[in-house]
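The structure appears below as structure tokens.
The values are calculated or read from the model by the stated rules, or taken from the named source; none is laboratory data. The structure displayed is predicted, hence computed values, not measured ones. Using ideal geometry, Cβ is built from the backbone for each residue, glycine included, and neighbour counts are taken over all protein chains shown. These area figures cover heavy atoms from the full protein model, side chains too; ligands, DNA and RNA do not enter into them. Shrake-Rupley method; radii C 1.70, N 1.55, O 1.52, S 1.80 Å.
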Amino acid sequence: MPEAKPQTIYLKNYHEPEYLIETVDLNFILEAEYARVVSRLTITHNPDNKARNAALVLLGEELTLISIALNGVTLTTSQYKLNDESLTIADVPQNTTFTLAIENTINPKANSALEGLFVSNDMLCTQCEAQGFRKITYFLDRPDVMARFTTTLIADKTLYPVLLSNGNKVAQGELIDNRHWVTWEDPFKKPCYLFALVAGQLECIEDHFTTMSGRDITLKIFVEAHDIDKCAHAMQSLKNSMRWDEVTYGREYDLDLYMIVAVGHFNMGAMENKGLNVFNTKFVLARPDTATDMDYEHIEGVIGHEYFHNWTGNRITCRDWFQLSLKEGFTVFRDQEFTADQTSKAVKRIDDVNALRTRQFAEDAGPLAHPIRPEAYIEINNFYTLTVYEKGAEVVRMIRTLLGTENFHKGADLYFQRHDGQAVTCEHFVQAMEDASNKDLSQFRRWYSQAGTPVVKVEQTYDAAKQSLTLTLSQSIPGQKNAAVLHIPVKVALFSEDGTIMDASVVDTVAINNELTLELREQTQDFIFENVPGTPILSILRGFSAPVKLQMSQPLTELAFLLRHDNDSFNRWEAGQKLTASIIFELIDTIKQGKSLSIPEILIDSFKAILEQTSPDLSYLACLLSLPAENYLAEQMPVVDVEAIHHARQFVKRSLAAHLTEQISALYLQNHQQETGELNSAAIGKRRIKNLCLDYLSQLNTDDSHQLAHNQFANAKTMTDQIAALGSIVNSENPEKQACLQQFYQQWQDEALVIDKWFSIQASSTQPDTFTVVQSLLRHSAFDLKNPNRVRSLVGAFSQANPVHYHAKNGQGYQFLADQVIALNSLNPQVASRMVSALTQWRRFDKQRQDLMKQQLERIINTDNISKDVFEIASKSLA
Ligand code: TRP
Ligand code: ZN
């Protein structure tokens, strides 16, 4: 147990700040083990807060206070109170602006939590969201206090030649003792979570962007010298993002300078600090031989995400942390659409829905389920969740669906215009959407406060005489008491047996190209389609128009039909997934009965038909040929049987490979022969389908298939091809396995991000020796518990991407994970807490596994000095 019982913070207890900070003048003298901070604040009483004479409570943690002066007069120790979390001054002026000058010191080198000011390799950098600024100096560390910042950095010129902070560089100079200084001024007021500084030996690439109003913006990306040849894609992505936000949302960049710094030690993906984004190297660095096509896509997506935050997050920020989805949900939605426009809309939607359904649905069905706007938290860092981010984005997407694109953009414009410079709530966002469109969103608002994934049950009755179809939709949310009745957009189309779409209509419902958006608002509601000439085949929830689970019986023949004919690219893929999933579930039953397995003709025929197609979007074709993930299948089982899922799925994969060897080999060769290593979407599509074919073929474990993988590995022109081949080799009985792994390590030992791949490919292997391998990798000289990327690549990959081995019956996987969580707890609570997630789903498993998982959770909770972060996740999952 933690020393004091951790406090829960409630949304309902929100109150306006008693004091506001108008300006902040920060002065840093930077050394790795000793940083001296002087902060000069101008403070006023907040006119919006009725309370008078309240004490001024500044938050501060892990700080050493040196002195404090009010209006120039140094305070004696009796004039303030200091504890581990705050500095309280009882008596401050009420009717005039006053100044506080605070001096304190910190030790960045000792900061392994990577929150506040910390060291990564030899550079100094900050991470302040959500509550890291209080680890730099005493402050009103809350997002509704917005101030103008001026920052002066002083440091050794040799160790820290580059000194960066938010805004514009306004002055610089030299000092004695080989030191220099730089002053930065940010003209926009901002909450302190958007503050950043960076100091180090950094190289940079520079470029320019001309905005829609003709302003010239300087763009700079800073990295360690050895990475300077891996920045070009990030720079191009930044320019694409800037243009996209102008074209799509009419949003222009506001400062004259935009900087990105890549750091090797980072808790998450990246951070949108004003004018000075700090990024995990993983989302900046790319060269064709070191980064995969997926890495390239993710880099562009994250660069876009952080850039888009400048309007959705920075210019308009959150009133309090319960409103996190206001900026994150909207910004994820924006980056999803950006990536869709840059790549393939169909594939991007499939990838996003896949992620949502395998991971967010599990969160929403488990002990940590929460609405996209949570009502309570112990540690806010635990609420940077798939629910707040990904489901939050789906909620914004539904608003667009209900309003139509044009009204949605009117709503966005109104939101930006109304709230620029403010710290607001989700309610303000919905209100703007409502005001601009006149669409009633009162019932829709419930999505913000209702946890859990709705199940929508679908029943259809066709009346041949009337030529009408009645669709009965009903909604419920399993596991949620008194669940709200939600407003759910359900996109539908009807197909005739000849594969054409019907021209049917429903009263009061708009149809666009024969697709209708039904608005389910009741618990049970009938929708009557007129003008339905024959029994239709139903394509429902097209484009995944709402984050719900469908409950509907559809014969395999109808699914096979939709897989051929649906003109909604998402639903066409979905039909194939449902078809394959229901066959896998039948096989799981067969396994449980101990009978021998066989593969149904309908699946082979369907796959054969897809393989024979020529499609301009090969990435999409690859999606059609991919089997549903083990995690997704697990999500649909009442009691997860990891082994049966794995065996049934492998059986399907192997059988398809065996029955369709010729077609798959041909497709492989056709897309491999002229591999040039280019990065355009055609070349990327070729690699995606080719490597899927390789994966199928390697299931055959023949000399030929081993040879094929080995050739690709040895001659790869891109990391996409090299790592795909290595994956196939590691997951088969390829005799070259050890040699390839060793060679890969030799080749890439100086590239941290590639070595991460080397760890995770071994940690996620399905081969029998994996657990032993994982244990020895933990002792490998390149493993480092203090580097979050490395932890995720070994501990994260094993516990989250290797169900068969992680869930080993004897509990060794759980024990391994708990050991790592306990070790990480004292080093980096945020990363430790994320790793606990692999234990939180214990209720989904058989009794024996449940007990083993609970034992480890209890062991974690009973650790000395358990962090709030880990305590909250572990205790809530046991409750
Ligand atoms: N706001 C960041 C984003 O979504 C994420 C973030 C929150 C973060 N807290 C963090 C990143 C801590 C790194 C460390 O873009
Ligand atoms: Zn974000």
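So, in the stretch 249-266, exactly how many residues are open to solvent by 10 Å² or more (accessible area, probe 1.4 Å) and either under 14 Å from PHE188 (Cα atoms) or within 13 Å of ligand 2 (Cβ to nearest atom) (or both)? Count: 3. Name the residues in the stretch 553-578 that are more than 16 Å from ASN354 (Cβ to Cβ), open to solvent by 30 Å² or more (accessible area, probe 1.4 Å) and within 30 Å of the chain's Cα centre (by Cα), would you? Selection gives ASN567 alone.
Set side by side, the residues ASP320, ASP341, ASP293 differ, and just one is touching a residue at least 12 places away in the same chain (Cβ under 8 Å) and either hydrophobic (A, V, I, L, M, F, W, C) or within 16 Å of ligand 1 (Cβ to nearest atom) (or both), which is ASP320.
Results for (1) of a type outside the set (Lys, Arg); (2) open to solvent by less than 20 Å² (accessible area, probe 1.4 Å); (3) away from ligand 1 (no atom under 16 Å from the Cβ); (4) under 19 Å from VAL261 (Cβ atoms), shown as yes or no for each residue.
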{"position": "GLN131", "(1), (2), (3), (4)": "yes, no, no, no"}
{"position": "TYR138", "(1), (2), (3), (4)": "yes, yes, yes, no"}
{"position": "ARG148", "(1), (2), (3), (4)": "no, no, yes, no"}
{"position": "PRO161", "(1), (2), (3), (4)": "yes, no, yes, yes"}
{"position": "ASN166", "(1), (2), (3), (4)": "yes, yes, no, yes"}
{"position": "ILE176", "(1), (2), (3), (4)": "yes, no, yes, no"}
{"position": "ASP186", "(1), (2), (3), (4)": "yes, yes, yes, yes"}
{"position": "CYS192", "(1), (2), (3), (4)": "yes, yes, no, yes"}
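Quick grid of which residues meet (1) of a type in the set (Val, Ile, Thr); (2) in contact with a helix residue (DSSP H, G or I) (Cβ under 8 Å, 6 or more places away or on another chain); (3) touching a residue at least 60 places away in the same chain (Cβ under 8 Å); (4) farther than 18 Å from HIS647 by Cα:
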| residue | (1), (2), (3), (4) |
| --- | --- |
| PRO555 | no, no, no, yes |
| LEU562 | no, yes, yes, yes |
| ASN567 | no, no, yes, yes |
| ILE591 | yes, yes, no, no |
| ILE599 | yes, yes, yes, no |
| ILE610 | yes, yes, no, yes |
| SER615 | no, yes, no, yes |
| ALA622 | no, yes, yes, yes |
| ALA629 | no, yes, yes, no |
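Quick one: which of PHE283, PHE322, PHE279 is touching a Pro at 6+ places or on another chain (Cβ under 7 Å), within 27 Å of PHE133 (Cα to Cα) and surrounded by 22 or more Cβ atoms within 10 Å (Cβ to Cβ)? That would be PHE322, the only listed residue that is touching a Pro at 6+ places or on another chain (Cβ under 7 Å), within 27 Å of PHE133 (Cα to Cα) and surrounded by 22 or more Cβ atoms within 10 Å (Cβ to Cβ).
Output yes when any residue across the stretch 297-318 is among the β-branched types (Val, Ile, Thr), under 26 Å from ASN567 (Cβ atoms) and open to solvent by less than 30 Å² (accessible area, probe 1.4 Å), and no when none is. No; the residues of the stretch 297-318 include none that is among the β-branched types (Val, Ile, Thr), under 26 Å from ASN567 (Cβ atoms) and open to solvent by less than 30 Å² (accessible area, probe 1.4 Å). Of the strands (runs of 3 or more DSSP E) lying entirely inside the stretch 1-84, those containing at least 3 residues that are hydroxyl-bearing (Ser, Thr, Tyr) span 35-45.
Hand me the list of helices (runs of 4 or more DSSP H) wholly inside the stretch 708-773 holding 2 or more residues that are in contact (Cβ under 8 Å) with a residue 60 or more places away in the chain. Filter on the stretch 708-773 gives 719-730, 752-763.
Take the stretch 813-840 and flag every residue that is surrounded by fewer than 20 Cβ atoms within 10 Å (Cβ to Cβ) and within 20 Å of ALA634 (Cβ to Cβ).
As a first pass, look at the stretch 813-840 and keep what is surrounded by fewer than 20 Cβ atoms within 10 Å (Cβ to Cβ): 815, 819, 822-823, 826-827.
Selection gives nothing.
Looking only at residues of the stretch 491-520 that are farther than 16 Å from ASP566 by Cα and open to solvent by 80 Å² or more (accessible area, probe 1.4 Å), we find that the one that is farthest from the chain's Cα centre (by Cα) is VAL507.
Rundown of residues vs (1) more than 13 Å from ligand 2 (Cβ to nearest atom); (2) closer than 15 Å to TYR384 by Cα; (3) not in a helix (DSSP H, G or I), yes/no style:
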residue	(1), (2), (3)
PHE279	no, no, yes
ALA291	yes, no, yes
TYR296	yes, no, no
ILE299	yes, no, no
HIS305	no, yes, no
THR317	no, no, yes
LYS327	no, yes, no
VAL332	no, yes, no
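Would you say ARG36 is open to solvent by 70 Å² or more (accessible area, probe 1.4 Å) and closer than 12 Å to PHE139 by Cα? Spelling it out, it is not the case that ARG36 is open to solvent by 70 Å² or more (accessible area, probe 1.4 Å) and closer than 12 Å to PHE139 by Cα.
Going by what's in this entry, would GLY392 be described as within 20 Å of PHE429 (Cβ to Cβ) and either open to solvent by 30 Å² or more (accessible area, probe 1.4 Å) or not aromatic (Phe, Trp, Tyr) (or both)?
Details: within 20 Å of PHE429 (Cβ to Cβ): yes; either open to solvent by 30 Å² or more (accessible area, probe 1.4 Å) or not aromatic (Phe, Trp, Tyr) (or both): yes.
Considered against the rule, which asks whether it is within 20 Å of PHE429 (Cβ to Cβ) and either open to solvent by 30 Å² or more (accessible area, probe 1.4 Å) or not aromatic (Phe, Trp, Tyr) (or both), GLY392 comes out as yes.
Yes/no matrix, rows are residues, columns are (1) free of Cβ contacts under 8 Å to residues at least 24 places away in the same chain; (2) in contact with a strand residue (DSSP E or B) (Cβ under 6 Å, 6 or more places away or on another chain); (3) hydroxyl-bearing (Ser, Thr, Tyr):
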| residue | (1), (2), (3) |
| --- | --- |
| LEU473 | no, yes, no |
| VAL492 | no, yes, no |
| GLU497 | no, no, no |
| ILE537 | no, yes, no |
| SER545 | no, yes, yes |
| MET552 | no, yes, no |
